[in-house]
1. Nearest 10 degrees is fine. How inclined is helix 45-61 to the longest principal axis of the chain, computing both from alpha carbons?
2. Once the piece of chain linking ALA41 and ASP113 is laid out straight, how much longer is it, given 0.36 nm per residue of separation minus the C-alpha distance between them?
3. Among rounded, prolate and oblate, which fits segment 75-133 when a ≥ b ≥ c are the square roots of the eigenvalues of its C-alpha gyration tensor, a/c under 1.5 means rounded, and a/b larger than b/c means prolate?
4. Would you mind ranking GLU309, GLU147 so that the residue whose beta carbon has the fewest other beta carbons within 10 Å leads the list?
5. For segment 129-248, how big is Rg over Rh, using alpha carbon atoms and the Kirkwood form of Rh?
6. On C-alpha positions alone, give me the angle between the axis of helix 9-18 and the longest principal axis of the chain, in degrees, nearest 10.
7. Using only the alpha carbons of segment 34-107, what is the convex hull's orientation-averaged projected area in square nanometres?
8. For the pair ASP300/ASP232, report the inter-label distance in nm, with labels modelled 7 Å from Cα in the Cβ direction.
Amino acid sequence: MTILFRAAAAALTLLAGLAPGSLTEAQAQGQRTISLVVGFAGGTAPDTLARILAESMQRNGNASVVVENVPGAGGQVASARVARAAPDGATILLGEVGSVAIAPFAFTSLPYDPARDFTYVSEVARTNFAFVVPAQNGPVSIAAFIEAARKADRTLLGTFGVTSPGHIAAELFAQSAGFKGEPVHYRAVADGIGDIARGQTAGAFLSIPLAAAQARSGGIRALVQTGATRADMLPDVPTAREANVPDLAMSSWFVLMVPAAVPAATVAEIHRVAAAALKDSAALERLRGAGFEAVGSSPDEVRAMVARERDRWKPVIERAGIRITN
């Protein structure tokens, strides 16, 4: 792998001696390109995050870091590719909540095992949602929405893909608030937003940047946001806890993952350069502008976070009866 860290030469030499497959030894043998694999197409939010992170890692680690888009099956194709990659640290996955903590319980089989096939390096960033409704004749608070939904035979909730984070958030909302929700899955975001604005679907969870942009246009209204604090883009919209719906406190998170057999010293080096990248002022500014919160957790912290999230989403998926055969 090609990362040459700007740490003391003695420390790097020690790491190289301890780990024959380490980044520094690969550097000494001739530079290779690091692939940061993302399971979604160019122009999507995960792709934007990957490119910001890759550029910052390159600046802070003196490496060639290339984003490799491997879209398909909500990140499953990319996950399988990295699970089978050589354990030399040259292939890193930008994993996310859908492929790591949702898919294992929503699909009868997967071409990878998130618990067995990977070593988790760091949670790098997360993004939050806002629940939106029609601006015209729609409810003005999340409490009013819940009251109306409980009286209805069913409440249509827009999502942008089966088992997407927005879909599972909608299932959680209906379950925790005690109303019958029925997901309506859209291929095109514009179609879903148009149906919400026209009142054909009751609401949906949108990313904060998308919700803020659409709210400014006047077609939809944001009732609540799922982050721990109010986003700068939606300063007047209460958080889930402020609105007394704490079950809706959630995020879509992104983690760096490598094949399970990557040496511990190499994992540590990747973590160090990722941590430096997430402290880069230019990268932080771009992340905030794109609606991301930088995290930069340790390997132990990210493993614990993933375990909590798997425990949280498993019963939601089971109660919703989601079981998909690949």
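1. Compared with the principal axis, the helix lies near 30 degrees.
2. Gain on stretching ALA41 to ASP113: 23.7 nm.
3. In terms of gyration-tensor shape, oblate.
4. Values: GLU309 17, GLU147 13.
By the 10 Å Cβ count, ascending: GLU147, GLU309.
5. Values: Rg = 12.7 Å, Rh = 13.8 Å.
Result: Rg/Rh = 0.91.
6. It works out to around 90 degrees.
7. Values: hull surface 19.7 nm².
Projected area, direction-averaged: 4.9 nm².
8. Modelled inter-label distance: 3.3 nm.
Taken together, the values in this text are just the output of simple stated rules run on the coordinates, not laboratory data. In this text the structure is predicted, and so the values were computed from the model without any measurement. Neighbour counts run over all protein chains shown; Cβ positions are idealised from the backbone, glycine included.
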